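Trainee: First, the structure itself, so that you have it in front of you.
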């Protein structure tokens, strides 16, 4: 393959990778703070995609403009979910919440099929097919916009986690929930808010994914594994780690596409994930952020 | 002790009788119901194996589909390209499942808890993607069995045989010294290691046994279909359905798999025209089980008599 | 003694003894017979209940069953097929039904959604036969789904007539005895764009990029036939790759085609992927002068989803309402009148397949599988898709034309005698 083609592919990989970081961030935060394996994370992403799709087709509001709305809505839906489904199970070990989220993912996936049908969809806006020339490389405008917005949101979350009081409480709960409770942190509330934040990130990431890719009610599993790959690579709970890992996964996927064909993109990411999982499950950036 | 032995023999005889009844049932049942029976038998094999792995062994796996798919493809491949008789081919399919487990264990069995679960999911998906992309194994087209599959009645007998083997394996693992080893490793691997147990070997044995049974079931499924392709044989549905059935029925209990399979399949028939509603209901039952009945329906049934007694004696 | 299975909030698994105790071992041992008895009872109960689930009695009607992709990635095909099947059955019922044993019986069409999944397709056909007592069947769409259902029909020795399954994919799946297919031959489909371009005397840089899905027909057309034909016509294949049927990202292959400067791009994909590929070609800033997208570019959803981007895209077609066959024009008009939507060639092969089946039923005068099957074999008449006559492999070929999207409509551009418009070159 020529240098130009490879370069184009890799640039697209970086841009997609930015979106991966946003989609994985929710998973990472929840896993880091609450040791909760959110197996319904993929379905949250897909819900964000459907939200963006219907927002556009029903009200005509551009999904990028409607992102804050979608994120807020996801957070509002997720908070009571956590309060009533998962909070009662915290402290009973890791399996019960994980299974509950798994059950939730089954329910959600079938809800989507019943409500939205199993048809393949993608969010088509006026600028969906526009190309941007960056020197020798040409990429779709939506990729660049998705990347920029994702990086922006990840940056905001990083500030939230490192500079605000809530962020401090979040980090304290992640490090040692017991100790945090003793010093006055309302740990259950922090956990609920973190879950809602994670869902909001997932929703926003899902909308952006829906702009650059097509999706079906069953797309959740692939998104979930992709996000897991990013989380495991970047370290639990580390915002900057997730960002770098996301971009890395994007590049690796494109490398797979360049070397073996586009059908192997997901496989390459999965194999890297398995390798990292086996060698060093806590990620390469554990202990930071 | 003698009384217990008699009870065990009586129980065993009852089991053989029940299985024999199932085997001859196709003669009197409508075709449609025989189809359901076959599906139930295969689901039961998967559920019991998964229960062994996750309930008794503590290895919550989302990789059922890798064993099922592999067994299916091995069966079709061998029947198409060799003159081996069917029983040998089924055995080979089972063996392939065990080999898969053995190959994956050095990596997977080092992982604990949620990492293991996610690792099995990743492995299952990776295997599916390989089968879809690599054309040597049929790619997305899949494989066609080049002979007519056995009649439905014969398939039911084979399934009954497989179920018998599965139940025997479960008996052995759940009610012998092996069960203590499994339990020790599941509950606290490090302490068990201190006491002389070799966790890796115990886990590998459970993993291999369960995978072999699942692969055999996958082979039977392929035999029934006559044509297989990767989306169906390696699809996540196997992992999801099996897990849901066992969790609803009662993870780690003896009766759990049966109760779960019967409940889920019956509700599936009642909601036959609304498959999404059925699956959503299954997910909902799972969530309810986690919240209110962690031992599943089996657990509820076992506790009810005690609770009733407690209530009626004014406790 | 402690209860065998503890309920309540003690976690997911059984007790955690620090050391195995004798009480525990005893309790393990005596759990046995209770579990077995319960198991046996449950299975028997389960069986009885399922037996009691009533089946509808045999009504005085002829049941024809069909599993179709009404949702999922093939939904665009399924919708048209459903209309074709239903329209044909409605016509027959309107005329009084079919005479079986001296009595005119209505035909009931039972359609199930297989969600574009081959396994569900097989399951549906099983149910249609054993639960709904279908006397004969109509097929799904795309080789994988058609084969899955057809194998079931074959095993039950019930006749099935289908469209939407090209010759090689159909005949290589199984030596059919009870399944009949009315569709086109991949070889003709693959050659059509080459012939169309040659006849239009267009000049290009003779570089071709091939991109095909790895389903049964994608492999045949894109993997074997197109490279061969390119050689025959003196074109150079600079890129040739396959992708999984449900792939969503095509940036690498498109970047490669662009870098190698291919002016002709040949794609074989289903509609969602076709739309994605066309978009990603645009976002890559790649402008091939010829773009052929087989399979997925024909349904109206392709043009609807892409708007102006669809213009210039070529696709092989096996039917157009302008064809000189009985009822062609009327069929399309009926479709557009009833649904207020743009039609597709898929209404024609499905309509014709149903007509073939119903005609055989009427001629045979019986709902016996063998009788119907023997009569289908003798089919030799002209239907809305053209002359239908099955060869030794149960296949009836349809003629191929080349169609192109122009200003939101599909126009036949080749061969000259069937053309309703001129080839647009290069694509805008």
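Trainee: So residue A:82 passes all but one of these: (1) crowded, with 21+ Cβ neighbours inside 10 Å; (2) within 9 Å of another protein chain (Cβ to nearest Cβ); (3) part of a helix (DSSP H, G or I). Which condition number does it fail?
Mentor: (2)
Trainee: Something else: With C:364, C:300 as the choices, which residue is surrounded by fewer than 23 Cβ atoms within 10 Å (Cβ to Cβ) and within 17 Å of the chain's Cα centre (by Cα)?
Mentor: So the residue among C:364, C:300 that is surrounded by fewer than 23 Cβ atoms within 10 Å (Cβ to Cβ) and within 17 Å of the chain's Cα centre (by Cα) is C:300.
Trainee: Say we look at the stretch A:128-137 and pick out the residues that are outside any strand (DSSP E or B) and under 24 Å from residue A:63 (Cβ atoms); which of these is nearest to the other protein chains (Cβ to nearest Cβ)?
Mentor: Per the criteria, the residue is A:129.
Trainee: Identify, by number, the condition in (1) part of a helix (DSSP H, G or I); (2) within 14 Å of chain A (Cβ to nearest Cβ); (3) free of Cβ contacts under 8 Å to residues at least 60 places away in the same chain that residue B:111 doesn't meet.
Mentor: The single condition residue B:111 does not satisfy is (1).
Trainee: Testing residue B:169 on (1) more than 16 Å from the chain's Cα centre (by Cα); (2) part of a helix (DSSP H, G or I); (3) surrounded by fewer than 21 Cβ atoms within 10 Å (Cβ to Cβ), one condition comes back false. Which one is that?
Mentor: (1) is the only condition that residue B:169 fails.
Trainee: Also, I was wondering about something else. Among the numbered criteria (1) touching a strand residue (DSSP E or B) at 6+ places or on another chain (Cβ under 6 Å); (2) crowded, with 19+ Cβ neighbours inside 10 Å; (3) in the same structural domain as residue C:366 (by TED's automatic domain parsing), which single criterion is violated by residue C:210?
Mentor: (3)
Trainee: May I ask you to list the residues in the stretch B:248-285 that are under 30 Å from residue B:175 (Cβ atoms) and within 12 Å of chain A (Cβ to nearest Cβ)?
Mentor: Hits for the stretch B:248-285 are B:248, B:251, B:252, B:264, B:282, B:285.
Trainee: Name the single residue, out of those in the stretch B:231-247 being more than 9 Å from every other protein chain (Cβ to nearest Cβ) and part of a helix (DSSP H, G or I), that is surrounded by the fewest Cβ atoms within 10 Å (Cβ to Cβ).
Mentor: Across the stretch B:231-247, the extreme among qualifying residues is B:241.
Trainee: Filter the strands (runs of 3 or more DSSP E) completely within the stretch C:89-168 down to those with at least 2 residues that are under 26 Å from residue B:30 (Cβ atoms) and under 14 Å from the mean Cα position of the chain (by Cα).
Mentor: Because the criterion is at least 2 residues that are under 26 Å from residue B:30 (Cβ atoms) and under 14 Å from the mean Cα position of the chain (by Cα), the strands (runs of 3 or more DSSP E) in the stretch C:89-168 that meet it are C:107-113.
So that you can scan it fast, the table gives a plain yes or no per residue for (1) surrounded by 23 or more Cβ atoms within 10 Å (Cβ to Cβ); (2) in a helix (DSSP H, G or I); (3) within 14 Å of another protein chain (Cβ to nearest Cβ):
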| position | (1), (2), (3) |
| --- | --- |
| A:139 | yes, no, yes |
| A:145 | no, yes, yes |
| A:149 | no, yes, no |
| A:156 | no, yes, no |
| A:159 | no, yes, no |
| A:179 | no, yes, no |
| A:199 | yes, yes, no |
| A:220 | yes, yes, yes |
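Trainee: Moving to a separate point now. Checking the structure you have, find out if any residue of the stretch C:220-230 is outside any helix (DSSP H, G or I), more than 14 Å from every other protein chain (Cβ to nearest Cβ) and surrounded by 24 or more Cβ atoms within 10 Å (Cβ to Cβ).
Mentor: Within the stretch C:220-230 (the criterion being outside any helix (DSSP H, G or I), more than 14 Å from every other protein chain (Cβ to nearest Cβ) and surrounded by 24 or more Cβ atoms within 10 Å (Cβ to Cβ)), the answer is no, since none of the residues qualifies.
Trainee: Being more than 29 Å from residue C:144 (Cβ to Cβ) and not in a loop (DSSP other than H, G, I, E, B) is true for just one of C:198, C:257. Which residue is that?
Mentor: C:198
Trainee: Quick one: in the stretch B:298-315, of everything that is in contact (Cβ under 8 Å) with a residue 24 or more places away in the chain and more than 19 Å from residue A:92 (Cα to Cα), which residue is surrounded by the most Cβ atoms within 10 Å (Cβ to Cβ)?
Mentor: This residue is B:298.
Trainee: While we're here: Search the stretch A:116-127 for residues being part of a loop (DSSP other than H, G, I, E, B) and at pLDDT 85 or above, and hand back the single one that is nearest to the other protein chains (Cβ to nearest Cβ).
Mentor: If we take residues in the stretch A:116-127 being part of a loop (DSSP other than H, G, I, E, B) and at pLDDT 85 or above, then A:120 is nearest to the other protein chains (Cβ to nearest Cβ).
Trainee: Output yes when any residue across the stretch B:34-42 is more than 10 Å from chain C (Cβ to nearest Cβ), out of contact with any strand residue (DSSP E or B) (no Cβ under 7 Å at 6 or more places or on another chain), farther than 20 Å from residue B:258 by Cα and in a helix (DSSP H, G or I), and no when none is.
Mentor: Scanning the stretch B:34-42, I find no residue that is more than 10 Å from chain C (Cβ to nearest Cβ), out of contact with any strand residue (DSSP E or B) (no Cβ under 7 Å at 6 or more places or on another chain), farther than 20 Å from residue B:258 by Cα and in a helix (DSSP H, G or I), so the answer is no.
The values are calculated or read from the model by the stated rules, or taken from the named source; none is laboratory data. Keep in mind it's a predicted model, so treat the numbers as computed, not measured. Positions of Cβ are generated from backbone atoms using ideal geometry, with glycine treated the same way; all protein chains shown enter the neighbour counts.
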